[in-house]
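See structure below.
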Amino acid sequence: MKKVCKTLLATAVVASMSLCVTGCFGAAKELKQLSEQFVEAAIAKEFDDMADLCEDDDDAEIMLSPYDNDFDPVDAILERATYSIGKAEVKKDEGSVVVTITIPDYDSVIGDADDADDFEDALDEADTIDIEVTLEFEKDGDDWVITNLDDFLADFYGEFYSEDFEFESDYEGWVASENWWASDNGTYSSSTSYFDLDLNIASEYYYEDMSYSFRVYDSDGVLVFVKENITDYGFLENYAYFSDSGCAYLDSYPSGTYTFVLYDSNDAEFYRSSCSVR
């Protein structure tokens with residue numbers, strides 16, 4: 001009788017272990033498939049597809065909204081990106097996958113290109129670099145969802161989005177002075193609902209029409225605000241309202257440093273300045 005009980009117990013343990021291994025293997029396979037879908041969408045800038053795979057798709061859509069526009073040098077990098085999916089780790093209702101994204105070594109050709117077209121040609125001759133990111137997952141009912149979109153934006157897009165590609169701009173040297181309105185020398189309170197960078201254009205260019213855009217990046221290089229197709233002259237008021245930003249799922253702009261970068265209509269940077277939030 002004891003021998004029979006021991007045999008039954010051993011069989012039950014083996015069966016249980018077998019089910020666990022099978023379940024973990026199935027989950028790992030699913031996480032790798034989801035990671036592949038997510039990274040493919042990130043490279044293609046298919047932001048709805050990225051958001052659908054995240055823990056809170058509404059918050060994810062807000063975080064991704066500033067990226068939903070053309071930016072020629074960044075688009076050129078992404079068009080040449082490839083990826084590989086690494087090992088998936090699963091522990092109960094949590095998991096992670098390491099992903100390696102390979103892009104041209106853009107930094108090695110900065111300074112060699114006068115504009116986005118030259119930059120694109122230079123990328124074709126550049127070596128490559130690898131960016132390693134980890135996607136973290138949690139089980140939500142029957143589905144696995146990504147829980148660290150913010151880390152991905154910093155680790156991948158943040159690598160190159162805020163870079164000064166050093167293209168030649170017709171507006172280089174046009175800004176004479178700046179003022180961070182409603183701030184204490186460029187420092188805002190923790191409850192700020194907007195940033196306002198006012199720029200005075202030098203007298204010799206004051207009445208010249210300017211066509212430009214600006215982007216705002218946080219200290220991790222994450223893009224949080226974009227305003228495009230601005231036409232103005234003389235005195236440029238550049239507002240970045242919290243309600244229209246990629247941080248709008250929060251209560252206000254989080255504490256940290258924010259950098260405004262102004263670009264001409266050819267995506268050439270001509271001015272940048274930073275402020276902070278307590």
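Tabulated results
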quantity	calculated
Test result for residue 122, among the hydrophobic types (A, V, I, L, M, F, W, C) and in a helix (DSSP H, G or I)	yes
Residue match in segment 223-239 (condition: closer than 26 Å to residue 150 by Cβ, assigned to a loop (DSSP other than H, G, I, E, B) and modelled with pLDDT of 95 or more)	no
Hey, residue 176 among the small types (Gly, Ala, Ser), part of a helix (DSSP H, G or I) and over 22 Å from residue 115 (Cα atoms) or not	no
Selection status of residue 170, surrounded by fewer than 17 Cβ atoms within 10 Å (Cβ to Cβ), assigned to a strand (DSSP E or B) and not assigned by TED's automatic domain parsing to the domain that holds residue 37	no
Selected residue (only one of 197, 236, 250 is within 30 Å of residue 60 (Cα to Cα), touching a residue at least 24 places away in the same chain (Cβ under 8 Å) and of a type in the set (A, V, I, L, M, F, W, C))	197
Residue match in segment 52-65 (condition: surrounded by 15 or more Cβ atoms within 10 Å (Cβ to Cβ), within 28 Å of residue 268 (Cα to Cα), under 19 Å from the mean Cα position of the chain (by Cα) and not aliphatic (A, V, I, L, M))	yes
Count of segment 136-156 residues which are within 23 Å of residue 43 (Cα to Cα) and either part of a loop (DSSP other than H, G, I, E, B) or outside the structural domain of residue 30 (by TED's automatic domain parsing) (or both)	3
Residue in segment 198-213 that is among the small types (Gly, Ala, Ser) and touching a helix residue (DSSP H, G or I) at 6+ places or on another chain (Cβ under 8 Å) present	no
In segment 255-278, the residues that are crowded, with 16+ Cβ neighbours inside 10 Å and either hydrophobic (A, V, I, L, M, F, W, C) or over 20 Å from residue 160 (Cβ atoms) (or both)	260, 261, 262, 265, 268, 270, 273, 275, 276, 277
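To keep it simple, each residue is scored yes or no on (1) acidic (Asp, Glu); (2) surrounded by fewer than 18 Cβ atoms within 10 Å (Cβ to Cβ).
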residue: 71; (1), (2): no, no
residue: 74; (1), (2): no, no
residue: 79; (1), (2): yes, yes
residue: 84; (1), (2): no, yes
residue: 94; (1), (2): yes, yes
residue: 113; (1), (2): no, no
residue: 123; (1), (2): no, no
residue: 128; (1), (2): no, yes
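The values are calculated or read from the model by the stated rules, or taken from the named source; none is laboratory data. Keep in mind the model is a prediction, meaning the values are calculated, not measured. Reconstructed Cβ throughout: ideal geometry from the backbone, glycine too, with neighbour counts over all protein chains shown.
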